[in-house]
1. Would you check which residues across the stretch 131-151 are within 20 Å of the chain's Cα centre (by Cα) and without any contact (Cβ under 8 Å) to a residue 60 or more places away in the chain and list them?
2. Test each condition in (1) modelled with pLDDT of 95 or more; (2) open to solvent by 10 Å² or more (accessible area, probe 1.4 Å); (3) part of a helix (DSSP H, G or I); (4) under 30 Å from Asn304 (Cβ atoms) for Ala195 and report the one that comes out false.
3. Being modelled with pLDDT of 95 or more, closer than 21 Å to Thr101 by Cβ, open to solvent by 40 Å² or more (accessible area, probe 1.4 Å) and not in a strand (DSSP E or B), is that true of even one residue in the stretch 307-321?
4. Of the conditions (1) open to solvent by less than 50 Å² (accessible area, probe 1.4 Å); (2) within 21 Å of Thr253 (Cβ to Cβ); (3) in contact (Cβ under 8 Å) with a residue 60 or more places away in the chain, Gly303 fails just one. Which one is it?
5. Please state which of the following conditions Leu171 fails to meet, knowing it meets all the rest: (1) surrounded by fewer than 21 Cβ atoms within 10 Å (Cβ to Cβ); (2) assigned to a helix (DSSP H, G or I).
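The values are calculated or read from the model by the stated rules, or taken from the named source; none is laboratory data. As the structure is a prediction and not an experimental result, all values here were calculated from the model. No Cβ is skipped: glycine too gets one built from the backbone with ideal geometry, and neighbour counts run over all protein chains shown. When the accessible area is computed, the model is the full protein with side chains, heavy atoms only, and any ligands, DNA or RNA have been set aside. Shrake-Rupley method; radii C 1.70, N 1.55, O 1.52, S 1.80 Å.
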Amino acid sequence: MSDEHAVETPPQQTANSPEPPDAAEPAREPASPAPRRRGPGPFTLLVLPGLLTLGAVAGFLALTGGLPDDLTPGSSAQQDTAGGVNETYGPWLRKSAEACTVVSASFLAAQIDQLSGWDNGVGGASGEQGIAAFTDAQWRTWGKDDDGNGRSSPRDQADAIMALGRQDCSLARKVTDLRTDGTVSGDLVDLTLAAYAVGTDTVAEAGRVPAGAKTYLTEVKGLFARYEEFDRETPSGSAQADAILAPPVTTLTVTSPYGSREHPLTGVTKLHTGVDFGAPQGAQVSAARAGRVVFAAMTKAYGNRIVVDHGTIDGKRLETTYSHLSVLGVAVGQTVQSGTPIGRVGSTGLSTGPHLHFEVIYDGYYADPMPWLASSG
């Protein structure tokens, strides 16, 4: 968000400024045959040209809106990093992305690139302003003086980056809830971008990424790689290799693996977001890891469904889900330990028979649960 803020203009010359160097003085030596003009002194030769240059620069800055507020003394407008964007945006992008796990620094940078090409002077027909293209009404909801410079403005790059993160994370939470209760399906990043483009109501009505949002989504995701340098360094190693989850049912008999498949009831081919474990009606279902229950209710597609938040692993959120249950044995807000009974196997919702549909959601993405699970041995 290249800034167009006015900067304080240097003081103009006053009546105390030096007189022009060509003012004549009378001769001081009676012996001289004629008055002699004094030559230019050191002030005129060395200082005055600098003052004139400073005045010209001040005038230019006043016309162009001045330097960006986020450039600190000594920094250079040529200090570019990922995607050719000024490196001073990096800390603000990372700080803004801290608000939720779905949104990353590269996510925000790519979105800004698509919205404005990082041109802070771009204005839309609907009154959008600044690099994040906020309208006045949107700014009243999301804008704050995040950089503490005494004003809140969509043309202040730091303020705009932080506001966009707040807006995106709010959308991410809404689509996460919609996906948790079975209203929508799909990748949370895709659903969040779709909600930004067409609204959460339209996404909920479609049950997935609507056709009207696909162009926007494709354009933004196509820019992700350009800004990967803005993301924090990924911790070394993989949490998945540690098999840190206990089996949720006694025997891990896979009846439908994670991956693309044709749904047995709807006939639609799409990602099967978890693993189906065959088990008899009423068999005990246990928590796979210590955590807190964040959802426990009946849904249309998943039937009786439980979601447990296990906190962060390598700095990323880990959740597990348990669906099609015949009985819900826990309530929202309840703390569970690994192996705590939480429900019973059933066939509620869209199901062809008793089984447990078990999901792992890591950093907002569905993951194949099998590498996470310790052997039931």
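1. Within the stretch 131-151, Ala133, Phe134, Thr135, Gln138, Trp139, Arg140, Thr141, Trp142, Gly143, Lys144, Asp145, Asp146 qualify.
2. (2)
3. No: zero hits.
4. (3)
5. (1) is the only condition that Leu171 fails.
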